[in-house]
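The values are calculated or read from the model by the stated rules, or taken from the named source; none is laboratory data. Since the model is a prediction, treat every value here as computed from it, not as a measurement. Quick reminder, even Gly has a Cβ in these numbers, built from the backbone with ideal geometry, and neighbours come from all protein chains shown.
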Amino acid sequence: MFTFDGAQVYLPHEIARTTVTVSDGQIAQIGGPPQGTVIDARGLILAPALIDVHGDAFERQLMPRPGVFFPTDTAVIDTDRQLAANGIATAYHAITLGWEPGLREASHGRALMQTMRDLAPRLTVENRVQLRWETFAFEALEVIDWALGGPLLPSLAFNDHTSMTMRAYDVTVQQRGFELSPDFPTASLTDARMTARVRTKAHRAGLSVDDYITLLGQVWERRSEVPQTIAKVAEMGRTAGAPMLSHDDTRAETRAYFRNLGANVAEFPMVREAVDAARANAEPIIFGAPNAARGGSHIGSLNAGDMVEDGLCDALASDYFYPAMLAAIARLAAERRAERHALWSLVSAGPARAMNLLDRGEIAVGKRADLVLVDWPEDAVPSILGTWVAGRCAYRGMPAG
């Protein structure tokens, strides 16, 4: 048993200077005299630990340079430590299950998940998985079935970067229509512009550009079978009770399609039409924290800060940079997009609700003691001084000053 004493505590409906006592991995008491070991938290913030619903920064540990792979167990352990130091107690690693060879192929994703399972006793935070399924990757279904039966229920995200790549050249990613529409305008694979479009993808897959385009054409021939395969995977997700998300929506029609399959979370919607469709149906809306931290989308999609200010964002995810979650809260607070208390819920209670993790995300009696101590001086960026996961200290930083 231990007690945080003297902190400004982010409670569900207020910020208050009070004590928080932890026992047996749960929050046992709020207020009242300190019990057990006392942690002096004067001048600091005690807040719910961060919950990251979509992060793929682990790929940099797996492949720090293009084509240069590191041992998976080394990469997983290092990623875990990064999460703890950034205050993230629960992380959904967005593991792509795709048709590309190399880093994002389905078999590689399974090997990564198996390593995470094997290393679980040595990891400091709760490492979960988002099955980031490319809807043209039929070869991934066996891996999805295996993963849905794992010890920690994954989430399931429907991605279609194949159609995004095949969109007509005069259509931006934000302008594209519903991918499964028969009227979806497509690009020619023999056009020289396809070379520029796929060069980075080919490099990641370890293929020449010509070989990648040939493979893309073969995969595109599966298009007529994609709807029935999506329906099959969605049924698998519903049976397992997995949270399901659609990714990069650009149309209300897209959101409605996946809603009807049970995917009731909108992840990184690109245009206001898709956001409004999600909000009209009371569906959780997730944006990227790097978008908010940088002041806008790097690909020209919606500004996450604007969506927060308009009440159209329920969660911020690390996306490709773990420190972005805390940095986003700092910037949004400085810009007065919302009250600091409400902003913090975007990285704690909001993600918990989106993923149906009802045992965490708030500082309340009986909740899991996933907590962070935050140093946030006036007019300065915040930093994590400690992370606790189910009452266990996962990280503690001791500044030199």
Item checked: Qualifying position, being at pLDDT 95 or above and over 19 Å from Asp370 (Cβ atoms), among Gly36, Gly25, Gly31 -> Gly31
Margin query: All but one of (1) surrounded by 13 or more Cβ atoms within 10 Å (Cβ to Cβ); (2) over 16 Å from Asp248 (Cα atoms); (3) out of contact with any Ser or Thr (no Cβ under 8 Å at 6 or more places or on another chain) hold for Thr190; state the number of the condition that does not hold.
Written below: (1)
Check: If we keep just the residues of the stretch 87-116 that are among the β-branched types (Val, Ile, Thr) and closer than 27 Å to Trp220 by Cα, which is surrounded by the fewest Cβ atoms within 10 Å (Cβ to Cβ)?
Finding: Thr96
Next item on the list: Working only within the stretch 200-213, note down all residues that are exposed (fewer than 13 other Cβ atoms within 10 Å of the Cβ) and either assigned to a helix (DSSP H, G or I) or at pLDDT below 95 (or both).
Entry: Thr200, Asp210
Notebook entry, point to check: In the stretch 92-112, is there at least one residue being farther than 26 Å from Leu207 by Cα and either in the same structural domain as Glu267 (by TED's automatic domain parsing) or among the aliphatic types (A, V, I, L, M) (or both)?
Noted result: yes
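Of everything in the stretch 252-282, what is among the β-branched types (Val, Ile, Thr) and more than 18 Å from Val173 (Cβ to Cβ)? Give them in sequence order.
Listed by number, the list holds a single entry, Val265.
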Next item on the list: Go through the residues of the stretch 165-178 one by one and say whether even a single one is assigned to a helix (DSSP H, G or I) and either out of contact with any Pro (no Cβ under 7 Å at 6 or more places or on another chain) or on the phi > 0 side of the Ramachandran plot (or both).
Entry: yes
Notebook entry, point to check: Does Arg259 satisfy the condition of being surrounded by 18 or more Cβ atoms within 10 Å (Cβ to Cβ), within 21 Å of the chain's Cα centre (by Cα) and closer than 18 Å to Phe178 by Cβ?
Noted result: yes
Margin query: For Asp191, only one of the following conditions fails: (1) over 21 Å from Phe158 (Cα atoms); (2) in contact (Cβ under 8 Å) with a residue 60 or more places away in the chain; (3) more than 28 Å from the chain's Cα centre (by Cα). What is its number?
Written below: (2)
Check: From the list Ala349, Ala364, Ala328, Ala342, which residue is within 26 Å of Val22 (Cα to Cα) and either in contact with a Gly (Cβ under 9 Å, 6 or more places away or on another chain) or surrounded by 21 or more Cβ atoms within 10 Å (Cβ to Cβ) (or both)?
Finding: Ala349
Next item on the list: Name, by its number, the condition in (1) assigned by TED's automatic domain parsing to the domain that holds Arg340; (2) surrounded by fewer than 21 Cβ atoms within 10 Å (Cβ to Cβ); (3) within 20 Å of Ser345 (Cβ to Cβ) that does not hold for Ala16.
Entry: (1)
